[in-house]
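The structure appears right after this line, and notes come after that.
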Amino acid sequence: MVLKAENIKKSYSSNNDDSILVLDSVSLTVNEGDYISILGSSGAGKSTFLNILASLDTFDSGSVKYIINKEEIDIFDLSDKKLSQVRSSHIGFIFQFHHLLPEFSAIENILIPSLLINSDSKESKERAEYLIDKVGLYSRKKHRPSQLSGGEQQRIAIARSLINKPKIIFADEPTGNLDKTNSENILSIINNIQQELKMTFITATHSELVASNSDKVYKIESGKISN
């Protein structure tokens, strides 16, 4: 096991101060090497749940625990500094919008997370070279984001999420901004990397195509999760 969420409840206040329950006692256990999709329609709560699992959002009640160095840790009990360290060292993110920095080259964008944890420069550069080759863009490594297509930019974002050798990757609608051909290419790359590196992937999506690429599919509907 690498992650366990138990009885997560999350609600939002509406404009008239009514409370809208988005997640109702949602639980999920993730084992090492799992490739999971959380499927749901727009507004169903799938991205909210993903963000909670990834420590990017808070919740009303419940718990989210990670297994780090064989120790079970409730990540929301950690200090801001320690939580930041866990995010940098153990978690990778792939978003619908790639969030590449326009002033840096493709290879430099991949390297950015490694700078945040002061990792060995030589080793990080070698890994960045390896990853940009894995996503098929080695010949474009010096190009800036504006010189890359949307699909190529998302491939760089995938490589960036892997630079620190995270234990788990969270992907929120990773193909949501791409056409069918580019979506299929991205899913093929994710699948190949997941299998080769034995990565744990959790994807939130509204797409049956994206969900079908994973090994396990959970559906969120009316605040509840099912498989």
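Taking segment 155-174 and a reference point 7 angstrom along Cα→Cβ of residue 101, the backbone N atoms nearer than 19 Å belong to 155-165.
Basic side chains Lys and Arg get +1 at the Cβ, acidic Asp and Glu get -1 at the Cβ, and with that the dipole of the chain about its Cα centre reaches some 600 debye.
Mean sequence separation of contacting Cα pairs (under 8 Å, at least six apart), scaled by the length of the chain, corresponds to a relative contact order of 31 percent.
Stretching the chain fully between residue 6 and residue 18 yields a gain of 1.8 nm (0.36 nm per residue, less the alpha carbon separation). Working from label points 7 Å from Cα in the Cα-to-Cβ sense, the residue 165 to residue 121 distance is 2.0 nm. Once backbone amide H atoms are built at 1.01 Å from N, residue 22 has 10, 11, 12 as its partners under 5 Å, excluding neighbours fewer than 5 places away on the same chain.
Taking the longest Cα principal axis of the chain as reference, the axis of helix 150-162 is set at about 80 degrees. Of interest is the spacing of the C-alpha centroids, which for segment 179-208 and segment 26-105 amounts to 17 Å.
Cross-link check: pairs 70/167; 122/198; 65/198; 9/65 evaluated at a Cα-Cα cut-off of 19 Å; pairs beyond the cut-off: 122/198; 65/198. If R0 is taken as 25 Å, the Cβ-Cβ distance between residue 112 and residue 57 corresponds to a FRET efficiency of 0.65. Taking the chain as the reference, fit the longest principal axis to its C-alpha atoms, fit the long axis of helix 180-197 to the helix C-alpha atoms, and give the angle between the two in degrees, 0 to 90, nearest 10. With both axes taken from Cα atoms, the answer is about 90 degrees. Most simply put, the chain has about 55% antiparallel DSSP beta bridges, counting only bridges with both residues inside it.
Across segment 213-220, coupling constants 3J(HN,Hα) worked out from phi with the 6.51/-1.76/1.60 Karplus curve, θ = phi - 60°, read 6, 8, 8, 10, 10, 10, 10, 10 Hz, and Gly and Pro carry x. Taking amide H as placed 1.01 Å from N in the peptide plane, residue 3 has its amide H under 5 Å from the amide H of 30, 67, each at least 5 places away in sequence or on another chain. Put in line by how crowded their Cβ is, counting other Cβ atoms within 10 Å and starting with the fewest, 108, 173, 221 read 221, 108, 173. Residue exposure proxy: 160, 144, ordered by other Cβ atoms within 10 angstrom of their Cβ from fewest to most, comes out as 144, 160. Once Cα extents along the principal axes in Å is calculated for the structure shown, the corresponding label among (i) 59, 33, 32; (ii) 52, 39, 35; (iii) 44, 38, 30 turns out to be (ii).
Values in this text are rule-based calculations from the coordinates and carry no lab data. Since the structure is predicted, the reported quantities are computational estimates derived from the model, not experimental observations. Glycine also receives a Cβ, built like all others from the backbone with ideal geometry; neighbour counts cover every protein chain displayed.
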